[in-house]
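So the structure is just underneath, and the comments pick up after that.
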Amino acid sequence: QVHGGVAQGIGQALLEHVVFDAEGQLLTGSFLDYALPRAQDLPTFAGGLNDSEPTLSNPLCVKGTGQAGAIAAPQTIMNAVLDALAPLGIDQLDMPATPFLVWSAIQAARATPPSSRKQ
């Protein structure tokens, strides 16, 4: 569950983008048009377990954790990207941080005179 959640969060931060045309027609309606992370796109994950009291809310007395990775990963990835771009004065970038979007932000920052950049 955790690995799948982290993969989902990484995909959201770096790849996944729903696109509509001007009339509202979905342009990314298949996996040929919509990027999802695959195992080869992701790093190896290391995780650990913390013992806790069993839950009484289900017959197995287990707690789900899959949402943890999906919730934390996008912010973690985007903060890392922005930390890397901070020396160029870039402090905002919308998801997904595709290679083209990051490259475009770098080009725009380089075109801005240093005296005009945010400090």
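Based on Cβ point charges of +1 for Lys and Arg and -1 for Asp and Glu, what charge dipole magnitude is obtained for the chain about its Cα centre, in debye rounded to the nearest 20?
Details: 5 positive and 10 negative charges, 71 e Å.
Computed about the Cα centre, the dipole is about 340 debye.
Checking [x] 65; [y] 50; [z] 45 against percent of Cα pairs over 18 Å apart calculated from these atoms, the matching label is [x].
Run the accessible area of segment 5-119 with a 1.4 Å probe and give the carbon-and-sulfur part as a rounded percent.
Looking at segment 5-119 in its full context, I get 60 percent from C and S.
Nearest 0.05, what FRET efficiency do residue 26 and residue 57 give at R0 = 30 Å with Cβ-Cβ as r? It comes out at approximately 0.20. Surface exposure of segment 2-83, expressed per residue as accessible area with a 1.4 Å probe, stands at 74 Å².
Between the residues 65, 15, 88, the greatest Cα displacement towards the positive end of the dipole of the chain, with unit charges on the Cβ of Lys, Arg, Asp and Glu, is found for 88.
In this label model, residue 92 and residue 42 are separated by 3.1 nm, measuring between points 7 Å along each Cα→Cβ vector.
The values are calculated or read from the model by the stated rules, or taken from the named source; none is laboratory data. Predicted model only: the values in this text are computed from it and were never measured. No Cβ is skipped: glycine too gets one built from the backbone with ideal geometry, and neighbour counts run over all protein chains shown. In case anyone asks, the SASA skips ligands and DNA or RNA and just uses the protein heavy atoms, side chains included. Shrake-Rupley method; radii C 1.70, N 1.55, O 1.52, S 1.80 Å.
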